[in-house]
1. Taking the options Tyr70, Tyr92, name whichever one is closer than 22 Å to Gln17 by Cβ, among the aromatic types (Phe, Trp, Tyr) and either surrounded by 15 or more Cβ atoms within 10 Å (Cβ to Cβ) or at pLDDT 95 or above (or both).
2. Can you give me the number of residues within region 82-104 that are in a loop (DSSP other than H, G, I, E, B) and not acidic (Asp, Glu)?
3. Restricting attention to region 17-38, does a residue exist that is surrounded by 14 or more Cβ atoms within 10 Å (Cβ to Cβ), of a type in the set (D, E, K, R) and within 18 Å of Lys129 (Cβ to Cβ)?
4. Would you confirm whether or not region 105-112 contains a residue that is hydrophobic (A, V, I, L, M, F, W, C), under 22 Å from Val8 (Cα atoms), assigned to a strand (DSSP E or B) and under 16 Å from the mean Cα position of the chain (by Cα)?
Amino acid sequence: MKNFQIQVRVRYAETDQMGVVYHGNYAQYFEMGRVEWLRNLGLSYRFMEEAGIMLPVVSLTLNFKKPARYDDLLTIKTIFKKQESVKIEFDYEIYNESDELLTTGNSVLVFVDMKTGRPVVPPDYVKEKLIF
């Protein structure tokens, strides 16, 4: 499964005084999409962390097309782009209820051994799930 979608409703606390989603919240929306994408594959951050692997974000880009606003129902589309060596990369698209593209983004994460703090190739149980 290369793509996965979730929906979230914009909460008041996620907006500024104009009722527009504060730009810093988009990273959380992307994370929500990524976590559920992994869960849908049968993986979870919790399981990987318990197995000694973490996935810190090393690169994040956002492109704003239109604002998301308070109480909008957003569709967050997470798109697996590639996994090479120690890195995994995702693209994102966020749409409103009218199916207007509001935001695009990209993130790169690195598999890291929690004991050593060093990048590692993903474990076999992860690589097996990423074959499409």
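The values are calculated or read from the model by the stated rules, or taken from the named source; none is laboratory data. This is a predicted model, so every value here is computed, not measured. When we count neighbours, we look across all protein chains shown, and the Cβ atoms used for this are built from the backbone with ideal geometry, even at glycine.
1. Going through Tyr70, Tyr92 in turn, just one is closer than 22 Å to Gln17 by Cβ, among the aromatic types (Phe, Trp, Tyr) and either surrounded by 15 or more Cβ atoms within 10 Å (Cβ to Cβ) or at pLDDT 95 or above (or both): Tyr70.
2. 4
3. yes
4. Restricting attention to region 105-112, the residues satisfying the condition of being hydrophobic (A, V, I, L, M, F, W, C) are 108-112.
Checking the rest, the ones that are also under 22 Å from Val8 (Cα atoms) come to none.
No: zero hits.
Condition check ((1) closer than 19 Å to Lys87 by Cα; (2) touching a residue at least 60 places away in the same chain (Cβ under 8 Å); (3) in contact with a strand residue (DSSP E or B) (Cβ under 8 Å, 6 or more places away or on another chain)) across all residues:
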site: Val21; (1), (2), (3): no, no, yes
site: Tyr26; (1), (2), (3): no, yes, yes
site: Leu43; (1), (2), (3): yes, yes, no
site: Arg46; (1), (2), (3): yes, no, no
site: Met54; (1), (2), (3): yes, yes, yes
site: Val58; (1), (2), (3): yes, no, yes
site: Thr61; (1), (2), (3): yes, no, yes
